[in-house]
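The structure appears right after this line, and notes come after that.
No lab work stands behind these numbers, since they all come straight from the coordinates. The model shown is predicted, which means the values in this text are computed figures rather than measured ones. Because the Cβ atoms are built from the backbone with ideal geometry, glycine has one as well, and the counts that use them run over all protein chains shown.
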Amino acid sequence: MPGGKTHDTINIAVLIIILAGIFYLIMGNLSEMAARYLDIYTISVLSLSYIFATFFLSPDLDIESKPYKRWKMFRILWWPYKVIFKHRGLSHNPIIGPLSIVINLALIVALLLLFMGVELHQGHSRYIIAATTGMILSMEIHIISDFLISKMKNLF
Ligand SMILES: [Zn+2]
């Protein structure tokens, strides 16, 4: 299985390809849908969430991994996750993995917002969707890389 550094590199490379694709779609006016939903703010939120997830929300939060250690003193927030999920078990399931991490994060963020007295309103939903998409995309790329690299190792 690829190490933390390999995962970071693969994920960032894929993001660059995705962004290039999005800009190509917008510039070439190839897709009206892309132009309507993907303004510069949405793309920024998506990219930043993707990068954040690559470094902090990897499915490898199920072990003492680099992403887990990057939370420093806040790693306690992910301790239940690490205990509940066996490594490369459900955390690396393409549906349950990202979903469980996003739900865990949503709970943390919701509590934080509650304490700070911030209220979410309708206008935020577009960015919440962009952020969630970015994070899930990053985790899917991780899961796919794990899968492909372990398949390749079996070949040799
Ligand atoms: Zn992994």
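Observations on the model:
- Positions within the stretch 4-18 being of a type in the set (Gly, Ala, Ser) and either touching a residue at least 24 places away in the same chain (Cβ under 8 Å) or touching a Pro at 6+ places or on another chain (Cβ under 7 Å) (or both), in sequence order: Gly4
- Test for Asp62: is it among the charged types (D, E, K, R), within 16 Å of the ligand (Cβ to nearest atom) and either touching a strand residue (DSSP E or B) at 6+ places or on another chain (Cβ under 6 Å) or at negative phi (or both): yes
- The residue that is nearest to Leu107 (Cα to Cα), counting only those in the stretch 122-143 that are hydroxyl-bearing (Ser, Thr, Tyr) and under 8 Å from the mean Cα position of the chain (by Cα), is Thr132.
Yes/no per residue for (1) over 15 Å from the mean Cα position of the chain (by Cα); (2) over 18 Å from Ile103 (Cβ atoms); (3) in contact (Cβ under 8 Å) with a residue 12 or more places away in the chain; (4) surrounded by 19 or more Cβ atoms within 10 Å (Cβ to Cβ):
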position: Tyr41; (1), (2), (3), (4): yes, yes, yes, no
position: Ser44; (1), (2), (3), (4): no, yes, no, no
position: Leu48; (1), (2), (3), (4): no, yes, yes, no
position: Ala53; (1), (2), (3), (4): no, no, yes, yes
position: Pro59; (1), (2), (3), (4): no, no, yes, yes
position: Ile63; (1), (2), (3), (4): yes, yes, yes, no
position: Lys69; (1), (2), (3), (4): yes, yes, no, no
position: Phe74; (1), (2), (3), (4): yes, no, no, no
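- Residue match in the stretch 24-39 (condition: of a type in the set (S, T, N, Q) and crowded, with 17+ Cβ neighbours inside 10 Å): no
- Test: Leu61 is out of contact with any helix residue (DSSP H, G or I) (no Cβ under 9 Å at 6 or more places or on another chain) and assigned to a helix (DSSP H, G or I): no
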